[in-house]
Amino acid sequence: QKEVEQNSGPLSVPEGAIASLNCTYSDRVSQSFFWYRQYSGKSPELIMSIYSNGDKEDGRFTAQLNKASQYVSLLIRDSQPSDSATYLCAVKELGGYQKVTFGTGTKLQVIP
Amino acid sequence: GAVVSQHPSRVICKSGTSVKIECRSLDFQATTMFWYRQFPKKSLMLMATSNEGSKATYEQGVEKDKFLINHASLTLSTLTVTSAHPEDSSFYICSANSAVYNEQFFGPGTRLTVL
């Protein structure tokens, strides 16, 4: 059973601070990792994808991947109230029908 | 990124009726489409995976005779909730990917309310 674990939160950070969201996964052969943002009542929106160890930066977002530790994280710099949402970590299996396993999400609250 | 649409965005129906939800990839060919269900304040639950021209693969516990999935073309998949009951009320979301995109792109979702 493939598992993707996230702390459900809520994670509360003040506006302007760095929000750090963490995710661990159980399947060592997983190769593709994604972060999605989901606002209440809306569908998930892709923020970042990362495939190799290290950091990947896109604007205020940085994804970090450590395959040896089976750990992926998302940093949000200069957090804004509009960043308040649930962040879903997703891991893609090799081959097959390209199914993605989602974590249960971490709710982020950015306090003005 | 790629665009996925869903129709309708919201539907209210009487118990016992069937409801069809359409999922379309607008600017790419989706070799695989996924159907999810999400209850309030809960995580996404994958219902089934469909590939164009073949039968859908259903997740454990999902009744294939109740949730009919058809993936007739590379841009369209449909989910039909047959004989809907109030417990089927949920947020249904489709997603798609392709040989070009490694990521899954989600449609906006369909909120189903069964009275």
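The values are calculated or read from the model by the stated rules, or taken from the named source; none is laboratory data. All figures in this text were calculated on a predicted structure; none of them were measured in a lab. Quick reminder, even Gly has a Cβ in these numbers, built from the backbone with ideal geometry, and neighbours come from all protein chains shown.
Miscellaneous remarks
- The listed residue being exposed (fewer than 13 other Cβ atoms within 10 Å of the Cβ) and among the polar types (S, T, N, Q), out of B:98, B:54, B:50, B:73: B:54
- Residue within the range A:7-16 that is under 12 Å from the mean Cα position of the chain (by Cα), assigned to a strand (DSSP E or B) and not small (Gly, Ala, Ser) present: no
- Top-ranked residue in the range B:30-44 [being touching an Asp or Glu at 6+ places or on another chain (Cβ under 9 Å) and at the interface with chain A (Cβ under 9 Å from one of its Cβ atoms); ranked as modelled with the highest pLDDT]: B:32
- Applying the condition of being surrounded by fewer than 16 Cβ atoms within 10 Å (Cβ to Cβ) and not basic (Lys, Arg) to the range A:23-44 and asking which residue is nearest to residue A:92 (Cα to Cα) yields A:31.
- For the range A:77-89, the condition holds for at least one residue, the condition being that it is within 14 Å of chain B (Cβ to nearest Cβ) and over 26 Å from residue B:7 (Cα atoms).
- Which numbered condition residue A:68 fails, given (1) aliphatic (A, V, I, L, M); (2) surrounded by fewer than 17 Cβ atoms within 10 Å (Cβ to Cβ); (3) within 30 Å of residue B:10 (Cα to Cα): (3)
- Each residue in the range A:23-66 was checked for being of a type outside the set (S, T, N, Q), more than 14 Å from every other protein chain (Cβ to nearest Cβ) and in contact (Cβ under 8 Å) with a residue 24 or more places away in the chain, and 6 of them qualify.
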